[in-house]
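Have a look at the structure below before the remarks.
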Amino acid sequence: MADQVREDPGALFDRVPSLAGSPRSVQPLPGGLTNRNYKVCTPAGTFVARVFSDGGELLAIDRDNEYRNTAAAAAAGAAAPVIEYLPELRVLVIGYIEGRTFTDADVRAPDNLPRIAAACQRLHGAQPFGNKFDMFEIQRRYLGVVRARGFRLPAGYDALMPRFEAIRRALAARPAGLVPCNNDLLAGNFIDDGDRIWLIDYEYSGNNDPCFELGNIASESGLDPGALAELVTAYYGRRLRNKIARARLLGLAAKYGWTLWGCIQAAVSPIDFDFWSWGMERYEGAAAGLTAAGFPGLLDEAGRDD
């Protein structure tokens, strides 16, 4: 299906009622490493068609969950509305949001940090999702895939496992409530309409610790510790040292886990993208943080009362 869509998306969209209007224009959208995204304009409106690629099961992607969670996020005012879902065609159609897609520099801009925090609060206030996302479980699942299939693994990856497990134990000792999270808020998943920020792409969505959301944002867009502290403070409305430490630790856990996503994609994805380098960038960041002199202090800080 993915190869067919790259060659002739129009033939597919003729079979999608919400996209079958005429005249119709179809424009590929950038991004999308497990799917193809298209802006589709018809007399009935402008939409985004997400066309799913194969291999999602190896990456812990459940498209039914994506559909349901996108709809819940939209009901909370955090995401674009769902127009149509056709799993037999591997298509999800959502409304098109007029706005500017963020870059890493936009995410790091001090004026945007409170706005990003507000967008996360809207999403996290949605009705609970029907599934859970736990990076410690996802990492074990990914590692099982890599080992079972003999995929390439970065040198030294296993040696860092005890420190990854130390994060899990430290945070489990002070459990946090779970909220509906996107869990994959790289810069390209923020759309700024000039008034508010919308959150898109719910492939990895699930109920999670809000500090994972904040730490993963920092991890993906390169927020320094001070900027992450500002983001966490804006989210909670006051400076909480244990939450800041928790977000920093979960950002490291995200890097360590997503490294394996890159290993899997490098082995199986038909998309022309350097997934190995993508994964190594995250691995190097994880290794630096997990072996830093300040790592034990973060574990201690996350367990303290403010």
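The figures follow:
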quantity: Helix-only mean residue ellipticity at 222 nm for the chain, each DSSP H run of n ≥ 4 adding -39500 (n - 2.57), per residue, nearest 500; calculated: -14500 deg cm²/dmol
quantity: Options 157, 273, 60, ranked by Cα towards positive dipole end of the chain, top entry (Cβ charges); calculated: 157
quantity: Fewest-first sequence of 185, 298 by Cβ atoms within 10 Å of each Cβ; calculated: 298, 185
quantity: Point-charge dipole on Cβ atoms (K/R +1, D/E -1) for the chain, about Cα centre, debye to 20; calculated: 700 debye
quantity: Spin-label pair residue 61/residue 238, simplified geometry with 7 Å Cα→Cβ offset, distance in nm; calculated: 4.2 nm
quantity: Neighbour-count order for 135, 161, fewest beta carbons within 10 angstrom listed first; calculated: 161, 135
quantity: Sparsely packed chymotrypsin sites (Phe, Trp or Tyr not before Pro) within segment 218-306, loop by DSSP, other Cβ within 10 Å at most 14; calculated: 273
quantity: Sparse-neighbourhood loop sites, GluC sites (Glu not before Pro) in segment 80-169 - DSSP loop, at most 15 other Cβ within 10 angstrom; calculated: 88, 98
quantity: Local net charge near residue 241, Cβ-Cβ under 10 Å (Lys/Arg +1, Asp/Glu -1); calculated: +1
quantity: Nearest-0.05 FRET efficiency for residue 147 and residue 84, computed from C-beta distance (R0 35 Å); calculated: 0.35
quantity: Dipole in debye (nearest 20) - segment 176-299, about Cα centre, beta carbon charges: Lys, Arg +1; Asp, Glu -1; calculated: 800 debye
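Quick note: the coordinates plus some simple rules give every number you see, no bench work behind them. None of these values were measured; they are calculated from a predicted model. Please note: Cβ atoms are built from the backbone with ideal geometry, for glycine as well, and neighbour counts cover all protein chains shown.
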